[in-house]
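See structure below.
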Amino acid sequence: MPHYIEPTKVSVKSVEQLTQDVLGIVAVKPDGIRYLPGQAVDVSINKEGWTEEARPFTFVSLEEDDTIEFNIKTYPEHHGMTEQLITLRAGDELLIGEVFGDIQYKGEGVFIAGGAGITPFIAIFKSLKKEDSVGNNKLIFANKTKADIIRKDEFERLLGDNFVNILSAELAEGYEHGYVNQDLIAKYAEPGLQYYYLCGPDPMMDTVMSELKNLGVKPEQIIREGF
Ligand SMILES: Cc1cc2nc3c(=O)[nH]c(=O)nc-3n(C[C@H](O)[C@H](O)[C@H](O)COP(=O)(O)OP(=O)(O)OC[C@H]3O[C@@H](n4cnc5c(N)ncnc54)[C@H](O)[C@@H]3O)c2cc1C
């Protein structure tokens, strides 16, 4: 059972619009916080009526950074917590709770992300870059349109041809089209790439899991988290 921790109040330092619906939020780092690349934390807004509405978000910063950072997709149509984040400004406060999460780097592999499911991989690739061990890791990033791709330049610089974009709602030169399927995965899976890292919305996760099974990938090779 997770033990209860009193959430820590932190002040927001900046809020940036990364795409039409994704915010980049930087906040003061809570004293003594420990987390690994790929881990998430329960976050709520310290504002009347919202302090109990915690949602999980993944650190895109690294533990040793001076601040904590999140990239958050907002869903105004849910009328939930992420809609409230749209009005968040520098100086507002967040409540940071329990750190948790199933995604951790185990070795070279194919990373498959859908939309905001890229966030654990942002932190993992930052830490690989820092350790100079990006190696032959591949990233397949699924989005609806080009405009939805977050941190595109950063991943292009880091991964070159090992960064593959697939768009479901736009045809564009140099981009794969449709949904992630076994043919696409097989195209980039090479001998020596032992692991498959998977993060995205549940319907995408279900499809990709069955495609990986068709390719003969064993459950112990798959590291995953549903958003
Ligand atoms: C471990 C973990 C880490 C995560 N990290 C990140 C991250 O770094 N960045 C990020 O952007 N997201 C992340 N997520 C996802 C994020 O937590 C959710 O998107 C967020 O909780 C949604 O909050 P909300 O208040 O907008 O919606 P909620 O009101 O909490 O709605 C939750 C769910 O209810 C359903 N729902 C509710 N209302 C509607 C509606 N009107 N129409 C359709 N469906 C609806 C949807 O299935 C939705 O996903 C993470 C999730 C997990 C589990």
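None of the figures in this text is laboratory data; all of them are computed from the coordinates on show. Since the structure is predicted, the reported quantities are computational estimates derived from the model, not experimental observations. Here the Cβ is made from the backbone with ideal geometry for all residues, glycine too, and neighbour counts use every protein chain on show.
Ranked for footprinting exposure by Cβ neighbours inside 10 Å, fewest first, Val41, Val22 give Val22, Val41.
For region 181-220, chymotrypsin sites (Phe, Trp or Tyr not before Pro) are listed when DSSP marks them as loop and at most 11 other Cβ atoms sit within 10 Å of their Cβ; the list is empty. Once the Cα-Cα distance is subtracted from the 0.36 nm per residue extended length, the Tyr175 to Lys218 segment shows a gain of 12.6 nm. Taking amide H atoms as placed 1.01 Å from N in the peptide plane, the amide H of Glu98 lies under 5 Å from those of Asp42, each 5 or more residues away in sequence or on another chain.
Here region 5-133 is treated with +1 on each Lys and Arg Cβ and -1 on each Asp and Glu Cβ, and its dipole about the Cα centre works out to around 240 debye.
A simple rule links phi to the HN-Hα coupling: the Karplus curve 6.51 cos²θ - 1.76 cosθ + 1.60 with θ = phi - 60°, which for region 9-22 gives 7, 10, 8, 7, 8, 7, 10, 10, 8, 8, 9, 4, 10, 10 Hz, with x for Gly and Pro.
Cα axis of helix 119-130 to longest principal axis of the chain: angle in degrees, 0 to 90, nearest 10? Compared with the principal axis, the helix lies near 80 degrees. Put simply, the amide H of Ile150, placed in the peptide plane, has no neighbours under 5 Å, leaving out anything fewer than 5 places away on its chain.
Looking at region 1-86, the GluC sites (Glu not before Pro) that sit in a DSSP loop and have at most 10 other Cβ atoms within 10 Å of their own Cβ are Glu48, Glu52, Glu64. For the residue pairs Lys13/Lys130; Lys129/Lys218; Lys126/Lys187; Lys73/Lys146; Lys106/Lys130; Lys138/Lys187, alpha carbon separations beyond 18 Å are given by Lys13/Lys130; Lys129/Lys218; Lys126/Lys187.
When Val12, Val43, Val208 are sorted by how many other C-beta atoms sit within 10 angstrom of their C-beta, beginning with the fewest, the order is Val12, Val43, Val208. Near Val60, the amide H atoms lying under 5 Å from its own belong to Glu69, Phe70, Asn71; only residues 5 or more places off or on other chains count, and H is placed 1.01 Å from N. Restricting attention to the chain, close to 55% of DSSP beta bridges with both partner residues there are antiparallel. The distance between label points at Arg157 and Thr145 comes to 2.6 nm (points 7 Å beyond Cα on the Cα→Cβ vector). Here the residues Lys138, Lys144, ranked from fewest to most Cβ neighbours within 10 Å of their Cβ, fall in the order Lys144, Lys138. Listed values for region 183-200 are Karplus-derived 3J(HN,Hα) couplings in whole Hz (6.51 cos²θ - 1.76 cosθ + 1.60, θ = phi - 60°), namely 5, 5, 5, 4, 4, 10, 7, 10, x, x, 8, 7, 10, 10, 9, 9, 8, x, and x replaces Gly and Pro.
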